[in-house]
Every structure is written in C-alpha cells, then in structure tokens.
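Here the structure comes first, spelled out in structure tokens, and everything after it is commentary.
The values are calculated or read from the model by the stated rules, or taken from the named source; none is laboratory data. On a predicted model such as this, the values are computed, not experimentally measured, just so you know. Reconstructed Cβ throughout: ideal geometry from the backbone, glycine too, with neighbour counts over all protein chains shown. These accessible areas exclude ligands, DNA and RNA; they are computed on the full protein's heavy atoms, side chains included. Shrake-Rupley method; radii C 1.70, N 1.55, O 1.52, S 1.80 Å.
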Amino acid sequence: MTDTVYQISHLTLVPKRHYGRMIAAVLVLTVLAIVIHAFAVGQIEWNYVAEFLTVPVIMKGLVNTIVMAILAMVVGIVLGIVFAIMRLSDNPVLSMTALGYVWLFRAIPALLQLLLWFNLALVFPTIGIPGLFSVNTVDVMTPFVAALLGLGIQQGAFTAEVVRAGLLSVDRGQYEAAQTIGMTRLQMLRRIVMPQAMRVIVPPVGNEFIGMVKLTSLASVIQYAEILHSAQNIYYANSRVIELLIVAAIWYLVVVTILSLIQGRIEKYFSKGVVAAGNTK
Amino acid sequence: MDMQNLSANAPLVVAADVRKHFGSLEVLKGINVSVPKGEVLCIIGPSGSGKSTFLRCINQLERIDGGAIWVGGELVGFRRDGNNLYELDDAQIARQRRSIGMVFQRFNLFPHLTVTENIIEGPVQVLRENKAEAKDRAHALLERVGLIDKRDVYPVHLSGGQQQRVAIARALAMRPQLLLFDEPTSALDPELVGEVLNVMRDLAHSGMTMIVVTHELGFAREVSHRTAFMDQGQLVEIGDSRSVLASPQQARTREFISAVHK
C-alpha cells in the first residue's frame, strides 16, 4: 500500500447538482406567475380592496370575529375539560353523560346547531325557572348568544376528546405518585396530571382555535355581525363582491398567522422539563 | 391518627388474611403478617408472586378483595361503626395515604417540577405547610440524600440513582410513619444501585419502619430485621433475615435463593 493513494486533500470537491429542485422551482414560479397575472388582469378593482380593508364596518366585524372566536373557544375548553374528566370518572352516570354529550354535539353540523339555537323561540317561547322568573326567548337568544352557545357547545365536544387523549397520555405512575403523597383526585388532576397533559393537548387545541376563527363565519347566517357578514353587507350595497370577499380573506390570514405564532410560544412553555434536556420524549 | 391509643410495641402494620384477585387470577391467597414499629421487613420472591401487589394494597393503590389491613391501628380503606364497615371516600383515602410513603421502581418523579418542587408538592398542597419552611425542610432532606446541588434542576437531568434518591426525599417530606419500597433498585444500572441502598440503610438505622420488596438479597441480609419469602400469592416463610437467607426452612425458599445466587 502506498501512501499517495490515501491522499485526497489536494482534490477539488464538486457539490451534487440538485436538478429536481431546479425543475420544481421553475414549475412553481411559472404557475405563480400565471395566477398573479390572471388576478392582475382579472376584473378585480384592487383599489377597492385597499379602500375597504380598514373601513369601520370591517374593523368592527373583525373585532366581533375575534371576540366570538375567543369566547366560543373558552366555552369549548371549559366544557371540554369538564366532560373529559367526567368521561374518565368511575361514576358511570357521569361517564355516560359525557359520552352522550360528545356523541350528540359532534354529530350535528355546526351550521345546523347555530340555526337551532337561533330559532329556539319556536320551541320554547319563554325560558326561565317556573315561579321564579321567565323571559321571552327571542329577547335572550340574540345572534351573539346563539352563536356563542352553538359554536362553544359543539367545540366542547371536540375539545373533550382532545383533553381525554391528553389525560390518557400521562403515565400511570404519575397518578400513583400523586396518590401516594395523599392528593385527592381533583388535586392530582390540577397539580400533576393536567400540567403534563397540556403538552399533548395544546397543539390540537391551537389547531382547533384556528378552525374556530374561521367557523365564526357561519354566524353570518344568523345575522351576527362578524367580518364576513360585514363584508356581505357592504357588497349588497355596492356590488363589489370579490373585492370585499378578498378583504375578509386578508383579515382571516392575518389573524390565523398571529395565532400560529402564539401557539408556538405556548407549546414551548408546556414542554418544561422535557425539551429542556434536548430530547423530545 | 390513632397512634396515641397504641402501646409502644404494638404492630404498626397488621395484615389479616389479605386476598386479591385480578379477574380469575388469584394474586394474594390470604396474607398474614404484622410489622412492629421501627422494623425493616424485606419481601423477596419470584416475579408474579404477588409481593408488589401486597405492598400496593397497603396504601390502597389496589383494593383488597378479602381480609383486612391496619396501619397505625387504623383500618385501611374502611371505617368501622358498630357492626358495619363503611367504605371510605376519596378524601378519606387520601388522608390515610399521607402517613404512608412509597418509593416506586420507576421513580415516578413529576417531570414538570424541579427537584425541590417535587419534594414540597405534598407538604404544601396536601399538608398545607408554609412554602418557605417546606423548602427549608426539602433542602435538609436533599442534604441527607446527598443531592443538595441538584435542588433546582428538572428530573430529566438526573441519573436513575439520583432520581430515586429524590423520590425517597419526596416520600420523607410527608413525615410518614411507614415507608414502602417497590423494587427500588430494579430499574437502575448496576453501578447506581449502591447509592440508593446507602440512603435506605441510613433510613433503616434511623428507626424508620420500612417494607421493602427487593431482589437485593445482600441488602435484606445486612439491613432488614426480618425477611419474608412470597411465592404464588402466599407468604411461604418469614423470619429473622440471616436465618431465612442462610438456612431457609422451606424447599421453595431454598430453590429461589440458590437460583438468585447462581
């Protein structure tokens, strides 16, 4: 064996050519250019988009969308946690009730549920506790309340399943360790199990929150003045349909992008004691 | 606790005809044993013999199907009123568990809490102790198990032996009258077994009542007062550790000990 055969330091390194990437890039850019060109020459008055992007009615619609998404999600998360814990309870009545809730409200389409809540007055003209108080259902079941109940309750059914998966993901030994230091069931759930389950729960709930932002657009059919409803109200008057739909789409993009960034932060927080060591177990 | 009503040498733990089955499988077929205060009892036996199940019955991680267990003179899991036995509710069971510490094979430290937070969790949340005082005591306990420099790290940064020593400190923080060890060294790398056994030896010498399910026959011989051999859900033999391990009376015990020593 001669030493020169094993000498490579004087040679020039020629990097691998990524032809596939180049071809893909060319194709994608071409398609993009065609789409952009189509929209540029299409019958869209972009100056109307710019003009209506920040008008007060749209801004108010945006705020209503965000408020409804947050409140419906809060209702959904609270119901989800309660029903997930009920579902895993030893008490068969509680567990079957939770099962029934998830079954019912997950099965019926959200739009249909909104319409049912909004039209509740057709079934119960008045609601209240007999002998104590009573109100006209029409007065109480405003578009806001109907949307909040409809969206929140159906979200609770989905979130309950996510929370249940999170609770089941926590090791049996954690439950036992909490019990042996004398914790009651509720203390154990609050202090030991939930904080660990959050790591599993947060990503899908973040995902569902984003879904909820878009789901609020359904409330436009029951006259709740969220952003799509506001956009529609404007184009009913000025007929700039596509321009105003694009305005609404832009705002959904903005809100969802911000939420995605926040979700990343929250996920990082709940992975305390796990990612810290650099493993992803 | 009814400790005041007990005479000084009354047994701390009494098990009378304890039975447990999982479905049709009988895991405990009538266990009778009593453990005086301050005793260290080792339970040895092949896997599946029911020794861990028996330990878990003492602090109600498993419900017994027959017989009874008393800890500190108090009936475990039930309240006696006249001729009736009332099952305890969640909060009452939790109260009974407070005075019984447990150390698990897989440590079971809370991964989302630091070492100190793990130790003060029970005292602060369950015993409602002052947080600053609980911290001081936690640090004293960490000194005792030799891990004071690890007080602010998360469990994931600790070796198995260190995690198990923290788990022992966590159990001690509840000021238990009884400590249960469920194969505390079985999940450890061989070179880490010694540090955990040293802490346990120190505890034994301090007069803590301990029931230890273990495969460490050396620890049983040197540290425990008595050793019990369990097989197929029965307590086959129990007696002074040195004599049980050196000259077992039962054939099954002899077979097990010679198999372990091979």
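Here are some notes:
- Packing-based ranking of A:236-247, B:48-59, B:64-75, B:21-32 yields B:48-59, B:64-75, A:236-247, B:21-32, ordered from highest to lowest mean Cβ neighbour count within 10 Å.
- Here is the size of region B:60-161 from its Cα atoms: Rg then Dmax, 17.3, 54 Å.
- Solution diffusion estimate, µm²/s, Stokes-Einstein, the protein assembly as shown, Kirkwood Rh from C-alpha pairs, 20 °C, viscosity 1.002 mPa s: 74 µm²/s
- Cβ-defined net charge surrounding residue B:252, 10 Å radius [Lys, Arg +1; Asp, Glu -1]: -2
- Surface share of carbon and sulfur [accessible, 1.4 angstrom probe, percent] for chain A: 70 percent
- Comparing A:134, A:114, A:42 along the charge dipole axis of region A:1-144, the residue lying farthest to the positive side is A:42, per the Cβ-charge model.
- Region A:72-124 pair-distance distribution - Cα-Cα, 10 Å bins, rounded %: 23, 41, 30, 6
- Relative contact order (%) - criterion: Cα under 8 Å, at least six apart; region: chain B: 25 percent
- Among the residues of B:122-131, the average count of other protein chain beta-carbon atoms within 10 Å of the residue beta-carbon is 3.
- 5 angstrom amide H check on residue B:27, placed H, neighbours 5+ away: B:20, B:21, B:22
- Electrostatic dipole magnitude of region B:75-169 [Cβ: Lys, Arg +1; Asp, Glu -1; Cα centre; debye, to 20]: 180 debye
- Where only C-alpha atoms are counted, convex hull volume of region A:66-180 per residue in Å³: 151 Å³
- When peptides B:199-206, A:109-116 are sorted by average Cβ neighbour count within 10 Å, with the highest value leading, the order is B:199-206, A:109-116.
- Both radii were evaluated on the Cα set of region B:1-98; the Rg over Rh quotient, with Rh as the Kirkwood radius, amounts to 0.97.
- Counts of other chain beta carbons within 10 angstrom of each beta carbon in peptide B:105-115 average 6.
- Accessible solvent surface per residue of chain A, calculated while the other protein chains remain in place, 1.4 angstrom probe, Å²: 59 Å²
- Taking every alpha-carbon pair in region A:18-77 and binning the separations at 10 Å intervals from zero gives 18, 20, 21, 24, 16, 0 percent.
- Cα lying deepest toward the dipole's positive end in the protein assembly as shown, options A:173, A:91, B:99, charges on Cβ: A:173
- Anisotropy class of chain B from Cα gyration tensor, a/c 1.5 cut: oblate
- Averaging 1/r over each pair of different alpha-carbon atoms in region A:1-131 and inverting the result gives 23.3 Å, the Kirkwood hydrodynamic radius.
- Global form of region B:81-219, assessed from the alpha-carbon gyration tensor, a/c cut-off 1.5: oblate
- For region A:140-261: rounded, prolate or oblate by the Cα gyration tensor [a/c cutoff 1.5]: prolate
- With a cut-off of 10 Å between beta carbons, the residues surrounding residue A:84 carry a summed charge of +1, where Lys and Arg count +1 and Asp and Glu -1.
- Computed over the protein assembly as shown, the per-residue total of -39500 (n - 2.57) for DSSP H runs of n ≥ 4 gives a 222 nm mean residue ellipticity of -17000 deg cm²/dmol, rounded to 500.
- Over chain A, relative contact order from alpha-carbon pairs under 8 Å, at least 6 apart, %: 24 percent
- In plain terms, the bigger the Kirkwood radius, the slower the diffusion; for chain A, with that radius from Cα pairs, at 37 °C and 0.692 mPa s, Stokes-Einstein puts D at 141 µm²/s.
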